[in-house]
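These notes are about the structure you will find just below.
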Amino acid sequence: MKFEVQLTDSSGKKRRTVKVERDEDRWKVWLDGQPVDVDAVQIDSNTLSLLLDGQCYEVHIAPLPDGTLKLQTGLQEFAAEVTDPRVWRGRRSGALEAEGRQQIVAPMPGKIVCVLVEAGDKVEAGQGLVVVEAMKMQNEIRSPKGGVVERLHVKAGQPVNAGEVLCVVS
C-alpha cells in the first residue's frame, strides 16, 4: 500500500510518500522511496510504540473532525493528512457526503474488536461505527454520512469477510 502524507507542524508543511508491505510477521516500510527499519506495537486504540532506525517513539494519534490526524510524540505535535491514491480524491474534500441509505461493509477480512454505536443512534459523517482488526492493525470504520444507524449486523469478537455488511446508516 502506498500513501501520501502531508505533515504540518510549527515549522510548516512537508509531503512524504509512505509505502507499506506485509512480510510474514513484520512490515516493510519505505519513506520517500528509501527503506526504513520500523517495528510497531499498538499499545492501545490510539497509541503506537515505534522502533524507528533504533530510536524508540510513543505516538499518540487522535482523529480530528476534518479527517486529519493529530500526532503527538514527546513534545512534538503534528497534523497529518493521509491520502490513499486508490481513493477518489473528491471524497476527501469534506463538501461531499454520501446520500441515501448506506450499507457499511468490511473493507477486508478480520475480526470486530469494538462496536462504537447501537441501532437507533444518531451519527455524524466521519464518526466511527465499528473497529475491525486485520493483520494485527485496528481499523475504525466510519460513517460516510450523517444519519441514524438503522441496523447493526455485527458484535464484538465476530469474524467478518471482506464486503460483509457491518451496519446500515440511513
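Taking residues in the stretch 32-43 that are at pLDDT 85 or above, and partners anywhere that are in a loop (DSSP other than H, G, I, E, B), the pairs with Cβ atoms closer than 9 Å and at least 6 places apart or on different chains are V36/D53.
Any idea how many residues of the stretch 1-57 are among the hydrophobic types (A, V, I, L, M, F, W, C), part of a loop (DSSP other than H, G, I, E, B) and surrounded by 12 or more Cβ atoms within 10 Å (Cβ to Cβ)?
We begin by selecting, within the stretch 1-57, every residue among the hydrophobic types (A, V, I, L, M, F, W, C); these are 1, 3, 5, 7, 18, 20, 27, 29-31, 36, 38, 40-41, 43, 48, 50-52, 56.
Add one more test, that the residue is part of a loop (DSSP other than H, G, I, E, B), and what stays is 1.
Of the ones still in play, those that are also surrounded by 12 or more Cβ atoms within 10 Å (Cβ to Cβ) are none.
So the count comes out to 0.
Any idea which of (1) farther than 19 Å from Q138 by Cβ; (2) without any contact (Cβ under 8 Å) to a residue 24 or more places away in the chain is the one W27 doesn't satisfy? It fails just one condition, (1).
Restricting to the stretch 141-160, what's the tally of residues that are under 17 Å from L64 (Cα atoms) and out of contact with any Leu (no Cβ under 8 Å at 6 or more places or on another chain)?
Filtering the stretch 141-160 down to residues under 17 Å from L64 (Cα atoms) leaves 141-146.
Narrowing further to those that are out of contact with any Leu (no Cβ under 8 Å at 6 or more places or on another chain): 144-146.
Residues meeting the conditions: 3.
The values are calculated or read from the model by the stated rules, or taken from the named source; none is laboratory data. Computed from a predicted model, the values in this text were never measured in an experiment. In this analysis, Cβ positions are derived from the backbone assuming ideal geometry, glycine residues included, and neighbour counts consider all displayed protein chains.
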